[in-house]
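The values are calculated or read from the model by the stated rules, or taken from the named source; none is laboratory data. Predicted model only: the values in this text are computed from it and were never measured. With ideal geometry, Cβ positions are generated from the backbone for all residues, glycine too; neighbour counts draw on all protein chains shown. For accessibility, only protein heavy atoms count, side chains too; no ligands or nucleic acids. Shrake-Rupley method; radii C 1.70, N 1.55, O 1.52, S 1.80 Å.
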Amino acid sequence: MKLYNTMTRRVEPFRTHIPGKVAMYTCGPTVYHFAHIGNLRSYICEDILEKTLRYLGYDVKRVMNITDVGHLSSDADTGEDKMLAGAKREHKTVMEIADFYTKAFFSDMEKLNIKKPDVVEPATNCIPEFIHMIEVLLEKGYAYKAGENVYFDTSKLDNYYALGNQNEDELMVGVRDDVEEDTNKRNRNDFVLWFTKSKFEDQALKWDSPFGVGYPGWHIECSCIGLKHLGEYMDIHCGGVDNIFPHHTNEIAQSEAYLGHKWCNYWFHVHHLNDREGKMSKSKGNILTVSVLEEKGYDPLVYRFFCLQSHYRKPLEFSFDALDNASSAFSKLLKRTIAVAKEAEGKEGIDQEVFDEYKARFKEALGNDTNTSMALTVLYDVLKADTDAATKKALIGSFDEVLSLDLFRERAEKETAEEDSGLVSWIEEQIEKRKAAKKEKNFAEADRIRAELLEKGIVLKDTREGTTWERA
Ligand code: AMP
Ligand code: ZN
């Protein structure tokens, strides 16, 4: 296995602390809103990484936190707590919001065939662990109290920018929303470990602590939850690229100051899903969710397929045209895989040599920094291969353990059948009828046809070249 490591900025051979075992950590969602499909791109790519490791024979333990406290509207510890803002928006309590959006998150994950991590831990479960780590950091001189908050002192480290020494202004791009200076800080990048005072006094959840009644900062939760479930050494830590700074940089700072040794060896970062306005982000509002895709008639797995067509280290441009292309390629793929399954029915025995050859190629593609588009190419090569259906079926089934596209699922078959059954030709017929109605100046009929199509989620567009259609 070779992996790109943000820490060294190179593709490196993957070696674990304990041979054969992987301690893997994933930054979970901040549950104040639905996850958008950008967030879910990160979780799809991390799911591929986890499943690849398992496919290659590793014993993986994967841990994920749920951020239900402490993530302020700017990653640089200023602004209002996102959870509180969510609760106010919906006239609910913070815990009601957390519960609702955590469930919604896992329901989206399930629809996208993303495996639930082995351990999922909400930050509010671990307050004693946070307090303990902060106490140790204070004792060791890595933290200080100022303005009734506790801060981490970044000047105490030889190399605070462990994840790359880009200049600070560049790094601040990762800091979302309003960036205000906190005058309690000794150094610009010091960060809050424990708040008792912030500009927003109405924080809903507070806990008693040796530093006063208050609540933890965001970064401390991932360090503590990681240590709690994976021990002192972590093999891989994952997140979106916006997590590199300050979140992951701060996690490394406090974990290594606490432990006194190197903490995590590989940092896996997924590039962003962008739309026309740039990075898709919850705080911008108007976000695209899995439910929105479903309402528009897309199978959520079309989105998974769309993500797998590109490499996780490249930004991915989202548009409905691009998703439509993925959708039609996915339908065609399913027709072929389902046909193979039918042909293989009742046939036993496979060509082991062919099986081993293609499986090795598939492993090589994924083992090469999870090259999913290459892995899909191997799948298409299997479909074209000069071998029997039973061998092909066995290979497709095996690949689907990682791809998780439900390549044999009946539901997919129904959808392709539906398409065959003439939805497309019916739409085209209606377009012709509308054209004829317009020619006869029967605009009422033309409008009726447009409305009928719209009701079925089909939007017509009149262009100079004629009328085209798309899903609403
Ligand atoms: P959040 O819920 O904001 O804490 O983010 C959850 C995960 O989604 C984090 O790993 C982020 O880095 C990641 N993320 C946020 N926005 C995007 C995006 N547009 N594309 C891909 N990943 C993202
Ligand atoms: Zn995190």
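What the table below lists for this structure:
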read-out	value
The stretch 231-289 and the stretch 345-389: distance between their alpha carbon centers, rounded to Å	33 Å
Surface share of carbon and sulfur [accessible, 1.4 angstrom probe, percent] for the stretch 278-403	47 percent
Backbone N under 19 Å from the K296 label point (7 Å along Cα→Cβ), restricted to the stretch 442-464	453-462
Full-stretch length increase - Y233, R471 - with 0.36 nm per residue and alpha-carbon distance subtracted	80.8 nm
For the stretch 421-471: relative contact order, % (alpha-carbon pairs under 8 angstrom, 6 or more apart)	22 percent
Point-charge dipole on Cβ atoms (K/R +1, D/E -1) for the stretch 278-403, about Cα centre, debye to 20	600 debye
Cβ-based charge dipole, the chain, positive-most Cα from P117, H33, L273	L273
Cα gyration tensor category, rounded, prolate or oblate, for the stretch 278-373 with a/c compared to 1.5	oblate
Summed residue charge, Cβ within 12 Å of M234's Cβ, Lys/Arg positive, Asp/Glu negative	+1
Contour minus Cα-Cα distance for E345 and D59 (0.36 nm per residue)	99.7 nm
The chain, dipole about Cα centre (Lys/Arg Cβ +1, Asp/Glu Cβ -1), debye to the nearest 20	560 debye
Carbon + sulfur, % of accessible area of the stretch 421-471 - ligands and nucleic acids excluded, 1.4 Å	51 percent
Environment charge of K262, counting only residues whose C-beta is closer than 11 Å and scoring Lys/Arg +1, Asp/Glu -1	-2
Accessible area per residue in Å² at 1.4 Å probe, computed on the chain	45 Å²
Over the chain: Rg over Rh, Cα atoms, Kirkwood Rh	1.04
Gain in span if fully extended, A385 to K332, counting 0.36 nm per residue against the direct Cα distance	17.4 nm
FRET E, pair A146, D202, Förster distance 30 Å, beta-carbon r, rounded to 0.05	0.85
Efficiency of FRET between E432 and D321 - r from beta-carbon atoms, R0 22 angstrom, step 0.05	0.40
DSSP bridge orientation in the chain - percent antiparallel, rounded to nearest 5	50 percent
